Amino acid sequence: MQIERELYSGKAKSVYATNDPDRLVMRFRDDTSAFDGRKKEQLANKGATNNRTNAFIMQHLERAGIPTHFERLLSDSDSLVKRLEMIPVECVVRNRTAGSICRRLGVAENMELDPPTFEFFLKNDELHDPMVNEYHIRAFGWASDDEIAIMKRLAFEVNDVLKQLFLDAGIVLVDYKLEFGRFQGRIVLGDEFTADGCRLWDVDTGRKLDKDRFRQDLGGVVEAYQEVANRLGVTSG
Ligand code: ADP
Ligand code: UDP
């Protein structure tokens, strides 16, 4: 497998074509951003920590029967993934209230959501990722009815699997964002699952172990990500 040209450089990762048209290299960089890219910083070792954590979680999901794009780790920062045709919506599942749902609905933080909620957001930084619903997704041709149903089903299956995985590590999975894409006629989980895209709270103390440490200037961002990796049993080599 050979890395060829850069296809896309996002806020935290870069994506490279390879000599296999169906495979990409995803490079996890140390760049960290929040508030649609308005707050930016380089955090040493974040890329490597996220690359390994993502590999661990994606493999765990695969074993549980959830199709993902992950193929294998290539290096500290790089993973080989299937090249997906991405669906331009973000799928957010919440088990507890935090972040935008509190601002939008005026509800307190840390309320249990039973059943968990599901929201779609359009992936568009300039528009600040507006919330959209299934009618918008169908009308604008972003995904079909069947694809919408599959994304929702898989997003909740991920919840069942990962809520338990994190709980076993003494961590509450508060909420998370997933992105899906198409590969050879199937809907597959793409992008990443790391502390950059979810909220993780220590079960006993409520200490935040995720990107809110960066958003809220709490410090110890990468240390918290590494603590999550250690507690999950993610190996470093
Ligand atoms: P952003 O685009 O939000 O700044 P990143 O820095 O994480 O995000 O960039 C990674 C980009 O790669 C995202 O746009 C994501 O949708 C895309 N992507 C993730 N997985 C795949 C995949 N398997 N195939 C193609 N594109 C992917
Ligand atoms: N999220 C993300 N990327 C986005 C928007 C949200 O990874 O572009 C994650 C975020 O980290 C959190 C969950 O999705 O774990 C829900 O985010 P929310 O809607 O509360 O928005 P926020 O207040 O975090 O911007």
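Here, each number is a calculation from the coordinates, and none is a lab measurement. Bear in mind the structure is a predicted one, so any value in this text is a computation, not a measurement. Cβ coordinates were reconstructed from backbone atoms using ideal geometry, including for glycine residues, and neighbour counts include every protein chain displayed.
Listing for the model above:
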| quantity | calculated |
| --- | --- |
| Residue that is farthest from ligand 2 (Cβ to nearest atom), among those in the range 1-38 that are touching a residue at least 12 places away in the same chain (Cβ under 8 Å) and among the basic types (K, R) | R5 |
| Within the range 101-117, tally of residues that are farther than 15 Å from L200 by Cα and exposed (fewer than 15 other Cβ atoms within 10 Å of the Cβ) | 10 |
| Failed item in (1) touching a helix residue (DSSP H, G or I) at 6+ places or on another chain (Cβ under 7 Å); (2) without any contact (Cβ under 8 Å) to a residue 60 or more places away in the chain, with I171 passing the rest | (2) |
| Which numbered condition W201 fails, given (1) touching a residue at least 24 places away in the same chain (Cβ under 8 Å); (2) under 18 Å from Q59 (Cα atoms); (3) within 13 Å of ligand 2 (Cβ to nearest atom) | (2) |
| Output for the range 1-16, where each listed residue is among the hydrophobic types (A, V, I, L, M, F, W, C) and within 10 Å of ligand 1 (Cβ to nearest atom) | L7, A12, V15 |
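Residues checked against (1) in contact with a helix residue (DSSP H, G or I) (Cβ under 7 Å, 6 or more places away or on another chain); (2) over 21 Å from L209 (Cβ atoms); (3) of a type in the set (A, V, I, L, M); (4) exposed (fewer than 14 other Cβ atoms within 10 Å of the Cβ):
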residue: S9; (1), (2), (3), (4): no, yes, no, yes
residue: A17; (1), (2), (3), (4): no, yes, yes, no
residue: A34; (1), (2), (3), (4): yes, no, yes, no
residue: L43; (1), (2), (3), (4): yes, no, yes, no
